[in-house]
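Derivation of every value follows stated rules applied to the coordinates shown; laboratory data play no part. Bear in mind that the values here come from a model prediction, so they are computed numbers and not experimental data. FYI the Cβ positions are ideal-geometry reconstructions off the backbone, even for glycines, and counts take in every protein chain you see.
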Amino acid sequence: MARHTTFRALTEGISRYEPSGPDVPITSITADSRQARPGSVFIAIPGYQTDGHNYIAAAIAAGAVAVIYQSPGFEGLLADAASLRVDDARLATAIVADRFFDHPSRKMAVIAISGTNGKTTTVTMLDAIFRAAKFTPGTVGTLGATVGDRHLPGDRTTPDAIGLQGAFAEMVDAGVTHAAVEITSHALDLHRAYGTRFAAAVFTNLSQDHLDWHHTMEAYFASKAVLFTDYVRFSPEMRGAVNIDDPWGPRLAELAECEVITYGIQAPADVAAVDWRLSPLGTSFGLSIGGETAPLHTPLAGRHNIYNCLAAAAAARAVGIDLPTIIAGLEAVSRIDGRLERVERDAPFTVMVDYAHTPEALQNVLTAVRDLTANRVICVFGCGGDRDKTKRPKMGAIAAEMSDVVVVTSDNPRSEAPEAIIADILGGIERTDVIVEPDRRSAIAAAVELAAPGDVVLLAGKGHEVYQEVAGRRIDFDDRVVAAEIIDAMGQ
C-alpha cells in the first residue's frame, strides 16, 4: 500500500531542534542512501562500522527531499533538502518508522519473545498455535519473516526499525491478526522496536551470550528488562510471560510493570508442565494452565523444549487462546528449522544439526541428544569470531564433558583467525583426545566417518544458516547439505 505524509507531520515533537526547509511530501523513509529516491527521507545514523552522515550528499543526489541527522557540521550539505537535527538518530528512526507506517502494531496482537535461547522455537510454536486458532499469523525472527503463508528472508533476528515497522505494515495489509516477533537485547539497546505496541512479551531465559556487547550479565539483564518496564508505556494492556525457573526470572517478574504470567517446571507457576517424560520419540507432559490440565505430546526432544512449549502456551494464554487450541498448535509442530534437525539419510547412525551457540544451549542440546541414544555422542562445534570470547572455553568444557568424541572446528570466524578461536575453546578442555580440524567440511567428514551404528553426530552452532562468514565474505555452507553429501559419498 502506498504511504504518503509530510516531513513536519512525520517529525513533530521528536527533537529539541527546529526543522529547516519546506514541509515537503514524503513517500518513503530509509537509512540506506542506496535506497533513497524522490520523495524519501534519509536518516543519517552514526553506525559502528560506517557513518550515515557521510552519505547525505549521495542520498540527496538520488532524490531524497529531507534528511534527519544527528551530528553537527553537515548543515552545508542540506541547502537543497528539508532537514531536522536530532539527539539520537536511532530513536528518531523508530518513532518516524512507526508514524510513517501508521502504527501497524496497534492493528494486530503482537507478541515479543526475548531471551538468550529458545526465541526461534517459541515463535514457531506460536505460529502453529495461531493457525490452530484460525488466526492469520505473522512472524519475524532468525529464520526471516512470514506473512501468512509467505516467507520473507532476513539477515537479522530483529530487523532495524524501518524494516520491523515495514514488516508489521505488510502484515496488516495482508490481514494478519496475530504476530510473534523475536526481540534481541541488541534490538532493545538500539531502539529497533521502540514505539511498538505489544499484546504480550515473553522472557525465555538469560545465560551467557553477547558479553562482547553488554560486558556484564547485569547489563545484559537490564537490556532485556526494558521490554517489561519502559515498553509498557506503549503497551498499556501488555501481559508478561516469565520463565520463573530461570535464575533471572523471579527478579524480572518483580520488576515488571505489567501483569505477569509465570511458567515453569520446578517452581509453582501459572503455566506448568506436570508428569513430564522424555524419550527418543519426543516429550510428553500434562500442560496445566489456571487449574486446567490436559495431556500433550510433542515430537521435539529435550527438556529445553518443554520450556519452549510453556513459553508459547503462556504467551498464547496471555492473548486469550484456550487450552485445547494451544495443545493442538503445539502438537502440530514436528520440527524446527536447524534445531535438533535430523539429516534425512539412510545411515546406521544419526546426524543432527542444531543452532546451539551459547554454553547453556550447547548443554541443553547435548542433554537432549543423550536421551536419544545409548551409544556414542560425537559433537562437532566451533565458536563465532568477533563475538564474546569468554564463552569459548566454557563451551569447550561442556562439549568435552558431555560428548564421547569432540571435534573442534570453525563456526563463523569472521575477521578472526580460526586457529585463534580454536585455541580459546581448547583452553577449557582437559582431555587430550580432541580432534581439531579448522575446515568445517573436513571436520564433519571426520565425525561422520567415525560414527558407528547407533551413534549420534551433533553438528552444533550453525543450525539453519546456509553460509559461513569468513574474512568479510559469506561463503555458501549448510551443515545439513554438507553432511548429506558426505554420507552419500560414503555409500558409493
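Per-residue packing, averaged as other Cβ atoms within 10 Å, sorts the ranges 310-318, 115-123, 136-144, 78-86 into the order 310-318, 115-123, 136-144, 78-86, beginning with the highest.
With +1 on each Lys and Arg Cβ and -1 on each Asp and Glu Cβ, how big is the dipole of the range 60-119 about its Cα centre, in debye rounded to the nearest 20? Using only the charged Cβ atoms, the result is roughly 360 debye. Rounded to the nearest Hz, the phi-derived 3J(HN,Hα) couplings of the range 239-249 under the Karplus curve 6.51 cos²θ - 1.76 cosθ + 1.60 (θ = phi - 60°) are 10, x, 10, 10, 6, 6, 7, 5, x, 8, x, where x marks glycine and proline. Among Asp230, Asp424, a tally of other beta-carbon atoms within 10 Å of each Cβ gives an order, fewest to most, of Asp230, Asp424.
Please label the shape of the range 58-118 as rounded, prolate or oblate, based on the square roots a ≥ b ≥ c of the eigenvalues of the alpha-carbon gyration tensor (a/c under 1.5 means rounded; beyond that, a/b larger than b/c means prolate, else oblate).
prolate
Amide H contacts of Ile29: Val41, each under 5 Å away and 5 or more positions distant or on a separate chain (H built 1.01 Å from N in the peptide plane; Pro and chain starts excluded).
Note on the range 67-196: with charges restricted to the Cβ of Lys and Arg (+1) and Asp and Glu (-1), its dipole about the Cα centre is near 460 debye. Bridge orientation summary for the range 104-331: considering DSSP beta bridges with both residues in this region, about 45 percent are antiparallel.
Let me test this: with uniform point scatterers at the alpha carbons of the range 283-349, what is the Debye-based log₁₀ I(q)/I(0) at q = 0.21, 0.24 1/Å? Scattering profile of the range 283-349, log10 relative to I(0): -0.87, -1.07.
Using only side-chain charges placed at the Cβ, +1 for Lys and Arg and -1 for Asp and Glu, the dipole size of the chain relative to its Cα centre rounds to 760 debye. DSSP finds beta bridges in the range 5-100, and of those with both partners inside it, around 30 percent are antiparallel.
In plain terms, the residue of Lys224, Lys391, Lys134, Lys107 with the fewest other Cβ atoms within 10 Å comes first and the most crowded comes last, giving Lys134, Lys107, Lys224, Lys391.
Per-residue counts of other Cβ atoms within 10 Å, averaged by peptide: what ranking do you get for 22-31, 463-472, highest first? Walk me through the numbers on the way to the answer.
Numbers: 22-31: 18.5, 463-472: 16.5.
Ranking the peptides 22-31, 463-472 by packing returns 22-31, 463-472.
In percent, how large is the relative contact order of the chain, given Cα pairs closer than 8 Å and 6 or more residues apart?
RCO, the chain: 10 percent.
Taking every DSSP beta bridge that has both ends in the chain, the antiparallel portion is near 40%.
Taking the Cβ of each residue in Phe477, Phe168 as the centre, tally the other Cβ atoms inside 10 Å and list the residues starting with the fewest.
The fewest-first ordering by Cβ neighbours comes to Phe477, Phe168.
Across all directions, the shadow cast by the convex hull of the chain built on its C-alpha atoms averages 23.6 square nanometres. Pull out a ≥ b ≥ c, the square roots of the eigenvalues of the alpha-carbon gyration tensor of the range 5-100, then state rounded if a/c is under 1.5, prolate if not and a/b is larger than b/c, and oblate in the remaining case. Rounded shape, in that the Cα axes give a/c under 1.5.
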